[in-house]
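*Asks:* I have a structure I would like to understand better, so I am pasting it below and will then ask my questions one at a time.
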Amino acid sequence: MPLAKLTIALGLVALALSACGSIEVKPTSSTGAPVSRGKVDDPRTTQNNHVTCLRQQHFRVAEIGPNKLQIGTWPAGPTVLFTPTAGAAQAYQIQGVRWAQGAEVIGSALLFPNQATDSELGKVETCIAEGVLG
């Protein structure tokens, strides 16, 4: 009998703890959008707008997905892939991830030079490096 009571008590404690930290999503009255959800920053345009900088340097820039830029036409123009953190970009190369080989790490970005000229790469590197610390 004591084992049954202990099992029930532990079950109730587990149930009570599972409710800790839960949130209640309440929409705003004017828009109906949930107010308890954050917004994910776009690495291409948040803080230091890399896309604007590249376009000011007269590059054609295509935004591919949420974290990739194609500068000029592929395969000639460079490609930039933004990773979640600078450490993630370095880890891809250190771990020998095949698709990351040959890329230059600039902050959280992987810059694939493809067939770009040194002059083009210098301008692209300058724009991508804006706001990078260290």
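*Asks:* I'm trying to understand the selection: among the residues of segment 105-134, which are among the polar types (S, T, N, Q), over 24 Å from Gly87 (Cβ atoms) and in contact (Cβ under 8 Å) with a residue 12 or more places away in the chain?
*Replies:* Matches in segment 105-134: Asn114, Gln115.
*Asks:* Restricting to segment 91-124, name every residue that is surrounded by fewer than 16 Cβ atoms within 10 Å (Cβ to Cβ) and either in contact with a Lys or Arg (Cβ under 7 Å, 6 or more places away or on another chain) or of a type outside the set (Val, Ile, Thr) (or both).
*Replies:* Once the filter is applied, which keeps residues that are surrounded by fewer than 16 Cβ atoms within 10 Å (Cβ to Cβ) and either in contact with a Lys or Arg (Cβ under 7 Å, 6 or more places away or on another chain) or of a type outside the set (Val, Ile, Thr) (or both), segment 91-124 yields Ala91, Gln93, Gln95, Gly96, Arg98, Trp99, Gln101, Gly102, Gln115, Asp118, Ser119, Gly122.
*Asks:* So, one more: Count, please, the residues in segment 75-90 that happen to be surrounded by 20 or more Cβ atoms within 10 Å (Cβ to Cβ) and among the aliphatic types (A, V, I, L, M).
*Replies:* Total meeting the criteria: 3.
Each reported figure results from applying straightforward, stated rules to the coordinates on display, with no laboratory input. Since the structure is predicted, the reported quantities are computational estimates derived from the model, not experimental observations. Every residue, glycine as well, gets a Cβ built from its backbone with ideal geometry; the counts of neighbours run over all protein chains shown.
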